[in-house]
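Q: Please see the structure below; I have some questions.
The values are calculated or read from the model by the stated rules, or taken from the named source; none is laboratory data. This structure is a prediction, so every number in the text was calculated from the model and none was measured. For neighbour counting, all protein chains shown are included, and Cβ atoms are generated from backbone atoms with ideal geometry for every residue, glycine included. Areas reflect the complete protein model, heavy atoms only, side chains present, ligands, DNA and RNA absent. Shrake-Rupley method; radii C 1.70, N 1.55, O 1.52, S 1.80 Å.
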Amino acid sequence: MRFFFPDSHDLVDPSFDFVTERRSFSGSRQQSQLYAHELLDEPPYDGMLLSKAMVDPHSQAKSVRYSFAQVQRLKRLGIREFLRLDRPGLKRRIDSMGDCGAFSYVNEPEPPYGVDAVIEFYLDCQFDYAISLDHVILGFQDDNLEVRPEWKARFDITLEKAGEFIKRQRKDKLPFVPLGAAQGWSAASFRDSVKSLQKMGYDYIALGGMVPLKTFEIIASLEAIKEVRRPSTKLHLLGISRLENIEAFKSYGVYSFDSTSPLKRAFMDDKDNYHTLERTYTAVRIPQVDGNQQLKRLILSGEVDFSTARNLEMACFEGVMAYDAGKMRIDTLLDLLREYEAVWHGKKDDSVRYRETLEDKPWKKCKCSVCRELGIHVVLFREAERNRRRGFHNLHVLRQRLDKAEVKNKQ
């Protein structure tokens, strides 16, 4: 199973000092900082995906977008040089995949641009793989229910654009591998979409609009697709990474997927922040007084005293360092963390989960470069440099899972 990681400016600053929490880099963030495939010993993904929504100045996407200067540099250099995918000494090649960014115009009745504009984006960036223009269907229902007219319209638009896309790719012998985008509102409609795309000549098909679906709905759709999928046809799952179902997905012909989930869970999940092959752990939250919006509001409203919060913050931070050095008992540290948590949150107590993380010390068992270099800092939920590096560690664990599954399949 191949894993593509969508780019959304996820970089870390190599000059950041985790003790003083200061940085010394200067210049362009994109050029001065490091991607996961540069920080880790080996790239955790097989490829990177870039959406047109990231570079389109008219995009309605809420995600981080490229600046005008970055877009121009991307077009001048191409995706490989811009993302520095050809790092010397890598054991595996990092491929590139382009996507039209359908979620950025999901509320529009039709895509805001045509096939020619999407192909221009793909050619400017010099992608290895490119997905046809599609229109997301946000809904799923039983096959026997009457389809909504707007869903059927989006289904037809997606197939029409896929037909235009592959005709142009073949006619002009465009230098990328085309993926046909499949949309659907039911298992049967996904099946029909794949069947139509195969007739057009696609042997690599991206299944879109599945992010909000429940796992059993995805499996049902794959089961229906199985009825028509040719043995040579490969499937790609857009935005899906439900690791517990990897083996099942693969048995249905899923060849690749893309997702930012392992990285985002490092700082967006309430408890599953640090991943291992066996389980997940909760990162220890020590929010910065001047960086936590909830705490800043409490201070400005007078509900929390700034000096009290700041002193507790530093006591917790220094306490973690002391515990790591064997100079503080875990119960003493947990009391400090609980006292500060009562100030900045008030309604929850993560002491039990923090104890598991601190006692098990999972970072000491991990061989990835993030854990080797950061030590206990990797499990501190505190500003972007630690949180994003923890996300890079999670990508490393996903790579281990995929490699382990591959070895198991070959046995």
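Q: Rolling a 1.4 Å sphere over the protein heavy atoms, what is the accessible area per residue of the chain, to the nearest Å²?
A: On a per-residue basis, the chain sits at 46 Å².
Q: Could you compute the FRET efficiency for Lys226 and Gln72, with r as their C-beta to C-beta distance and R0 at 45 Å, rounded to 0.05?
A: Once the sixth-power term is evaluated, E becomes 0.50.
Q: Expressed as a whole percentage, what fraction of the accessible surface of the chain belongs to carbon and sulfur atoms when a 1.4 Å probe is rolled over the protein heavy atoms?
A: 49
Q: Below 8 Å, C-alpha to C-alpha, sequence gap of six or more: please give me the relative contact order for the chain in percent.
A: In percent, rounded to a whole number, it is 14.
Q: For the chain, what is the percent of antiparallel DSSP beta bridges, rounded to the nearest 5?
A: 10
Q: Evaluate the Kirkwood expression for the hydrodynamic radius of the range 186-308, namely the inverse of the mean inverse distance over all pairs of different C-alpha atoms, and round to one decimal in Å.
A: About 17.6 Å, per the Kirkwood formula over Cα pairs.
Q: Skipping prolines and chain starts, which residues have an amide H placed within reach, meaning under 5 Å, of the one on Asp258, given they are 5 or more residues away or on another chain?
A: Phe4, Leu237, Gly239, Ile240
Q: Treating only the Cβ atoms of Lys and Arg (+1) and Asp and Glu (-1) as charged, compute the dipole magnitude of the range 13-124 about its Cα centre; round to the nearest 20 debye.
A: In total the dipole reaches around 360 debye.
Q: For the range 379-392, what does the Karplus curve 6.51 cos²θ - 1.76 cosθ + 1.60, with θ = phi - 60°, yield as ³J(HN,Hα) per residue in whole Hz, taken in order and with x for Gly and Pro?
A: 9, 8, 8, 6, 6, 5, 5, 6, 4, 6, 5, 4, x, 4
Q: Next up: Express in nm, to one decimal, how much length is gained between Arg29 and Lys367 on full extension, taking 0.36 nm for each residue of separation and deducting their alpha carbon distance.
A: 118.9 nm
Q: Kirkwood hydrodynamic radius of the range 4-51 from all distinct Cα pairs, in Å?
A: Taking the inverse mean of 1/r over all distinct Cα pairs, the range 4-51 comes out at 12.0 Å.
Q: Send over the per residue convex hull volume for the range 256-372, Cα only, as a whole number of Å³.
A: So the per-residue hull volume is 130 Å³.
Q: Additional query: Could you compute Rg(Cα) / (2.2 N^0.38 Å) for the range 1-106, with N its residue count?
A: Ratio of Cα Rg to 2.2 N^0.38 Å: 1.15.
Q: So what's the back-of-envelope 222 nm ellipticity for the chain, counting only DSSP H runs of four-plus at -39500 (n - 2.57) apiece and dividing by all residues, rounded to 500?
A: The helix contribution divided over the chain gives -13500 deg cm²/dmol.
Q: Under a plain spin-label model, where a point goes 7 Å from the Cα along Cα-to-Cβ, how far apart in nm are Leu243 and Ala322?
A: Once both label points are built, they end up 3.5 nm from each other.
Q: With only alpha-carbon pairs counted, each pair once and no self-pairs, how large is the Kirkwood hydrodynamic radius of the range 245-284 in angstroms?
A: 11.7
Q: According to the Cα gyration tensor, what semi-axes, each the square root of 5 times an eigenvalue, does the equivalent ellipsoid of the range 130-223 have, listed from largest to smallest in whole Å?
A: 24, 13, 11
Q: Hey, another quick one. For the residue pair Arg92 and Val352, what label-to-label distance in nm results when each label sits 7 Å from Cα along the Cα-to-beta-carbon direction?
A: Once both label points are built, they end up 3.7 nm from each other.
Q: Here's another thing I want to ask about it. Name the GluC sites (Glu not before Pro) in the range 222-290 that are in a loop by DSSP and that have at most 15 other C-beta atoms within 10 Å, would you?
A: Answer by residue number: Glu227, Glu278.
Q: Let me ask something additional. List the Cys residues of the chain that have no partner Cys with a C-beta closer than 4.7 Å.
A: Cys100, Cys125, Cys316, Cys368, each lacking another Cys Cβ under 4.7 Å.
Q: If you bin the C-alpha pair distances of the chain every 10 Å from 0, what whole percents do you get?
A: 4, 20, 27, 24, 16, 7, 1, 0
Q: Pick from Pro149, Pro44, Pro112: which residue has the top mean-square fluctuation in a GNM of the chain where Cα pairs under 10 Å get a spring?
A: Taking springs between Cα atoms under 10 Å, the residue moving most is Pro149.
Q: Could you go through the range 284-296 in sequence order and give the Karplus-derived ³J(HN,Hα) for each residue, using 6.51 cos²θ - 1.76 cosθ + 1.60 with θ = phi - 60°, rounded to whole Hz, and x for Gly and Pro?
A: 7, 8, 10, x, 6, 4, 8, x, 9, 4, 5, 5, 4
Q: Compute the convex hull volume of the Cα atoms of the range 148-200, divide it by the residue count, and report the result per residue in Å³ as a whole number.
A: Dividing the Cα hull volume of the range 148-200 by its residues yields 63 Å³.
Q: A further question on this structure: If you keep only loop residues by DSSP, which GluC sites (Glu not before Pro) in the range 14-104 have at most 15 other Cβ atoms within 10 Å of their Cβ?
A: Of the GluC sites (Glu not before Pro), the ones in loops of the range 14-104 whose Cβ has at most 15 other Cβ atoms within 10 Å are Glu21.
Q: Same structure, new question: Working only with C-alpha atoms, what are the Rg and Dmax values of the range 105-166, expressed in angstrom?
A: In order Rg, Dmax, the Cα atoms of the range 105-166 give 13.7, 44 Å.
Q: So, one more: Report Rg/Rh for the range 58-209, rounded to two decimals, where Rg is the Cα radius of gyration and Rh the Kirkwood radius.
A: 1.00
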